[in-house]
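**Student:** Submitted below is the structure of interest, expressed as structure tokens.
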Amino acid sequence: MFSRDNWKEIFETIQKNKLRTFLSGFTVALGILIFVVLFGMGNGLINTFDDFFGDDATNVLYVFPGRTTIPYKGYKSNRTIEFDNSDLVDIEKNLAMFVEYTTPRITRSGLVKYKNESNNYTTRAVGPAHQYAEKTIMMKGRYLNNEDIKNRTKYVVIGRLVEQDLFGSNNSIGEYIDVAGIAFKVIGVFQDEGGDNEERLIYMPYTTRQLIEKNTDKIDQFIVGFKPEIGYVGAMALDKSLNRFIKEKKHISPEDQNGFFIRNVADQLKQNQQFARVLQIIVAFVAFGTIIAGIIGISNIMVFVVKERTKELGIRKALGATPRSVISSILLESVFITTISGFIGMILGIAILNFMGDKLKDYFITNPFIDMTMAISATVLLILFGAIAGYIPAKRAAEIKPIVALRDE
Amino acid sequence: MIEIKDLHKSYKMGSNSLHVLKGINFSVEDGELVAIMGSSGSGKSTLLNILGMLDELDEGSYTLDGVPIKNMNETKAAQYRNKFLGFVFQSFNLINYKTAAENVALPLYYQKVGRKERQEKALKYLEQVGLREWAGHLPSELSGGQKQRVAIARAMAAEPKVLLADEPTGALDSKTSYEVMDLIQKINDAGNTILIVTHEPDIAKMCKRIVHLKDGIIIEDEKITQVRAAQYVQ
């Protein structure tokens with residue numbers, strides 16, 4: 001079946017039937033090409049999606065203060081709720097089995113100056129754990145640490161774009177900048193995948209901010225990071241416990257929905273994941289459709305090829321070709337063509353995806369790619385179905401009596 | 001060489017069945033040149049197809065070179081065809097994308113003869129039919145007579161025991177017909193057994209024996225004095 005002679009015979013047939021070869025090769029190559037490109041672009045869509053939602057930690061709860069709307073335990077309604085340092089200590093103590101870290105976040109904005117450069121920036125006064133909540137990546141220097149909190153140091157960590165604006169290409173580490181009239185030493189520069197705005201932030205110890213603001217212990221809002229292993233169910237349970245705990249401590253009616261707010265990223269995360277899954281299903285569906293179309297295409301061509309060759313096969317049979325040799329020559333020919341053109345289509349598709357790269361970022365397609373295993377198995381699938389699609393008419397052709405085949409005009 | 005006893009064959013045409021061969025008894029010796037004649041519908045082509053194992057018989061027996069031919073599967077039939085029989089068809093049936101030499105070499109390919117030997121043999125047989133210089137041409141570049149001579153060379157290449165020709169001159173003018181018959185006679189002179197189906201009396205007279213078929217039975221079987229085709233060929 002695989003002797004050199006058989007292959008020579010097959011190569012001759014392929015060479016001398018260029019249209020047929022081209023048609024079946026083109027169908028397969030195009031099918032695989034479209035599959036690879038579509039699937040890759042689908043993946044690019046998912047990448048964009050991940051970029052949008054993936055820059056912050058997902059195992060965190062954001063807590064914001066509000067105003068009460070229901071009178072409770074002798075307190076009037078419309079009371080402003082405020083959080084202070086002791087709340088965080090209590091939460092860490094009482095919900096220790098869920099909570100990994102807590103950090104305040106006091107947001108202010110002000111004019112920041114360095115030498116002749118100045119600009120308005122948002123400052124966030126935070127604890128060291130804030131780095132995990134925001135997934136802040138340090139480029140140089142260090143982030144705030146517990147010593148800074150304890151000693152109320154006048155240190156800041158600035159965003160990449162802040163450094164670029166104020167310092168140009170000069171090194172900022174160790175330099176002093178003027179933040180709303182007070183000199184702070186730059187100890188670190190960070191980057192963040194959340195975009196430009198996130199890289200125009202300045203972080204300082206929350207204790208320093210509190211000292212500046214008349215030595216208060218108030219905090220605007222805070223972030224509770226929970227242990228990732230508690231999962232979605234655990235996160236929802238923590239959400240509930242935290243709600244109950246704060247309401248009890250701050251004397252807020254259990255029915256009051258406005259005393260404070262908890263933004264649960266886990267809930268959002270789940271929705272996002274569902275959305276991503278739907279995207280993936282759509283992509284898979286389209287890709288599957290393309291493969292089916294390719295299979296139908298190659299099947300049609302195989303039927304046509306065998307039909308076209310009926311008389312030739314009849315002649316071959318009259319000259320002593322066994323049904324086996326008829327089937328195997330048709331199959332080997334089709335498998336050979338589909339394999340070569342399938343892999344050409346696959347490589348072309350991958351090349352197109354690589355070439356696209358981030359050029360289509362404006363259309364929400366980031367870094368399209370296809371899994372090599374996926375591409376190869378799709379190609380193999382098409383080759384396999386091409387062979388099966390060829391086998392059925394080939395078998396039928398081999399069974400036709402030579403006299404019938406010879407009469408075919 | 002060929003031994004046929006009480007051969008019956010019918011074709012199903014919907015609910016009817018058409019009884020084509022109604023008990024043929026017939027034998028051919030080694031080295032004979034037999035013409036099978038008959039009007040259209042007499043069953044001569046059917047008989048040839050059965051002889052050529054292109055079609056199956058319903059009843060009776062067929063022995064070819066001492067081998068009983070019956071209940072053959074396609075693979076076996078193909079092997080026997082390849083080993084025992086050479087075919088020449090009215091419409092030549094050359095493979096149009098193969099050159100003359102490749103067409104002649106094809107039966108040898110199915111005999112698993114090596115490539116080099118195939119080419120040598122193909123050229124040798126093309127030489128015999130006078131077309132050696134046409135070896136590299138495609139059938140579309142050949143005249144009808146040349147095509148038929150290539151087909152004869154192809155049939156001879158497998159060195160069969162019997163050569164079966166179905167209206168070999170049917171698509172040719174009389175001059176070319178005589179050339180082809182001259183070739184067939186020469187092949188027969190070399191000792192090959194040949195059966196020709198024809199409805200042209202002058203072609204039949206160039207054989208050594210004429211079998212007349214009518215309505216599925218043999219009505220006449222006579223040995224004749226052969227007319228040599230060479231006298232008509234300049």
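The values are calculated or read from the model by the stated rules, or taken from the named source; none is laboratory data. Computed from a predicted structure; not experimentally measured. Don't worry about glycine lacking a Cβ; one is built from the backbone with ideal geometry, like all the others, and counts go over all protein chains shown. Surface accessibility is based on the protein's heavy atoms, side chains included, excluding ligands, DNA and RNA. Shrake-Rupley method; radii C 1.70, N 1.55, O 1.52, S 1.80 Å.
**Student:** For chain A, what are the DSSP H helices with axial Cα length of 27 Å or more and mean Kyte-Doolittle hydropathy of at least 0.5?
**Tutor:** A:18-53, A:265-308, A:323-356, A:372-399
**Student:** Just to confirm the number: angle between the C-alpha axis of helix B:74-84 and the first principal axis of chain B, 0 to 90 degrees, nearest 10?
**Tutor:** The helix B:74-84 is inclined about 60 degrees to chain B.
**Student:** For A:LYS250, B:LYS147, give me the order by solvent-accessible area with a 1.4 Å probe, most accessible first, ignoring ligands, DNA and RNA.
**Tutor:** Per-residue accessible area, sorted high to low, gives B:LYS147, A:LYS250.
**Student:** Let's see if you can work this out: charge +1 on each Lys and Arg Cβ, -1 on each Asp and Glu Cβ, no other charges. What is the dipole magnitude of chain A about its Cα centre, in debye to the nearest 20?
**Tutor:** For this selection, approximately 920 debye.
**Student:** Additional query: Restricting attention to the alpha-carbon atoms of the protein assembly as shown, what are Rg (one decimal) and Dmax (integer), both in Å?
**Tutor:** Just the Cα atoms of the protein assembly as shown yield Rg and Dmax of 45.2, 139 Å.
**Student:** Rolling a 1.4 Å sphere over the protein heavy atoms, what is the accessible area per residue of the stretch B:98-234, to the nearest Å²?
**Tutor:** I get 44 Å² per residue for this part.
**Student:** Also: When the helix-only estimate is applied to chain A (DSSP H runs of n ≥ 4, each -39,500 (n - 2.57), divided by the residue count), what is the mean residue ellipticity at 222 nm, nearest 500 deg cm²/dmol?
**Tutor:** Rounded to the nearest 500, the figure is -18500 deg cm²/dmol.
**Student:** Let me ask something additional. What residues in the stretch B:76-99 lose 40 Å² or more of accessible surface when the other protein chains are added to their chain alone (1.4 Å probe)?
**Tutor:** The answer is B:ALA78, B:ARG81, B:ASN93, B:ILE95, B:TYR97, B:LYS98 - residues whose exposure falls by at least 40 Å² when every protein chain is included.
**Student:** I would also like to ask the following. B:LYS186: which lysines have alpha carbons under 23 Å from its alpha carbon, excluding same-chain residues fewer than 8 sequence positions away?
**Tutor:** The reachable lysines, counting only those whose Cα sits under 23 Å from B:LYS186, are B:LYS83, B:LYS121, B:LYS124, B:LYS147, B:LYS161, B:LYS175, B:LYS205, B:LYS208, B:LYS223.
**Student:** Determine the percent antiparallel among the DSSP beta bridges restricted to the stretch A:82-249, to the nearest 5.
**Tutor:** Close to 75 percent.
**Student:** Of B:LEU183, B:LEU48, B:LEU18, which is the most mobile in a GNM of chain B whose springs link Cα atoms less than 10 angstrom apart?
**Tutor:** It is B:LEU18.
**Student:** So for the pair A:ASN116, B:ASP30, with labels modelled 7 Å out along Cα→Cβ, what separation do we get in nm?
**Tutor:** Distance between label points: 11.8 nm.
**Student:** Averaged over A:309-319, how many beta carbons belonging to a partner chain fall within 10 Å of each residue's beta carbon?
**Tutor:** Taking all residues of A:309-319 together, the mean is 6.
**Student:** What do you get for the angle between helix B:144-157 and the principal long axis of chain B? Use alpha-carbon atoms, 0 to 90 degrees, nearest ten.
**Tutor:** Roughly 80 degrees between the two axes.
**Student:** Turning to a different aspect of this structure: Pull up the DSSP beta bridges for the protein assembly as shown and report the antiparallel fraction as a percent, rounded to 5.
**Tutor:** If I count the DSSP bridges inside the protein assembly as shown, around 70 percent turn out antiparallel.
**Student:** Evaluate the Debye formula for the stretch B:49-188 with equal point scatterers sitting on the alpha carbons, no solvent, and hand back log10 of I(q)/I(0) at q = 0.19, 0.21 Å⁻¹, in q order, two decimals.
**Tutor:** Log10 I(q)/I(0), no solvent term: -1.10, -1.27.
**Student:** Same structure, new question: Quote the charge dipole size of the stretch B:84-234 about the Cα centre in Debye, to the nearest 20; the model charges only the Cβ of Lys and Arg (+1) and of Asp and Glu (-1).
**Tutor:** 560
**Student:** Now for a different question. Hey, in the GNM for chain B with a 10 angstrom Cα cutoff, which one of B:TYR110, B:TYR62, B:TYR125 fluctuates hardest?
**Tutor:** Top of the fluctuation ranking is B:TYR110.
**Student:** Antiparallel versus total DSSP beta bridges in the stretch A:126-203: what percent is that, nearest 5?
**Tutor:** Among the beta bridges of the stretch A:126-203, antiparallel pairing accounts for roughly 65 percent.
**Student:** Still on this structure, please answer the following. What total accessible area, in Å², is buried where chains A and B meet, using a 1.4 Å probe and rounding to the nearest 100?
**Tutor:** 2500
**Student:** Which one, A:ILE281, B:ILE194, B:LEU85, projects farthest toward the positive side of the charge dipole computed for the protein assembly as shown from Cβ point charges (K/R +1, D/E -1)?
**Tutor:** A:ILE281
**Student:** How large is the direction-averaged shadow of the alpha-carbon convex hull of the stretch A:82-249, in nm²?
**Tutor:** For the stretch A:82-249, the mean projected area of the Cα convex hull comes to 10.2 nm².
**Student:** Keeping the other protein chains in place, figure out the carbon and sulfur percent of the accessible area of the stretch A:82-249, with a 1.4 Å probe.
**Tutor:** Whole-percent figure for carbon plus sulfur exposure: 46.
**Student:** Taking the Cα centroid of the stretch B:140-162 and of the stretch A:97-157, what is the distance between the two, rounded to the nearest whole Å?
**Tutor:** Cα centroid to Cα centroid, the span is 94 Å.
**Student:** From the residues A:THR102, A:PHE167, A:ALA133, which one has its Cα farthest along the dipole of the stretch A:101-184 in the positive direction, the dipole being from +1 and -1 charges on Cβ of Lys/Arg and Asp/Glu about the Cα centre?
**Tutor:** A:THR102
**Student:** Give the ranking of A:PHE190, B:PHE92, A:PHE355 by solvent-accessible surface, highest area first, calculated with a 1.4 Å probe.
**Tutor:** The residues order as A:PHE355, B:PHE92, A:PHE190, largest area first.
**Student:** Can you pull out the trypsin sites (Lys or Arg not before Pro) in the stretch A:342-409 whose DSSP state is coil and whose Cβ has at most 14 other Cβ atoms within 10 Å?
**Tutor:** A:LYS359
**Student:** Let me ask something additional. Among B:GLY41, B:GLY144, B:GLY170, which one moves the most in a GNM of chain B with springs linking Cα atoms closer than 10 Å?
**Tutor:** Highest fluctuation among the options: B:GLY41.
**Student:** Count, for each residue of B:1-7, the Cβ atoms from other chains sitting within 10 Å of its Cβ, then give me the mean as a whole number.
**Tutor:** Per residue, the number of nearby Cβ atoms from other chains is 0 on average.
**Student:** What accessible area per residue comes out for chain A, rounded to a whole number of Å², with a 1.4 Å probe?
**Tutor:** Solvent-accessible surface per residue comes out at 50 Å².
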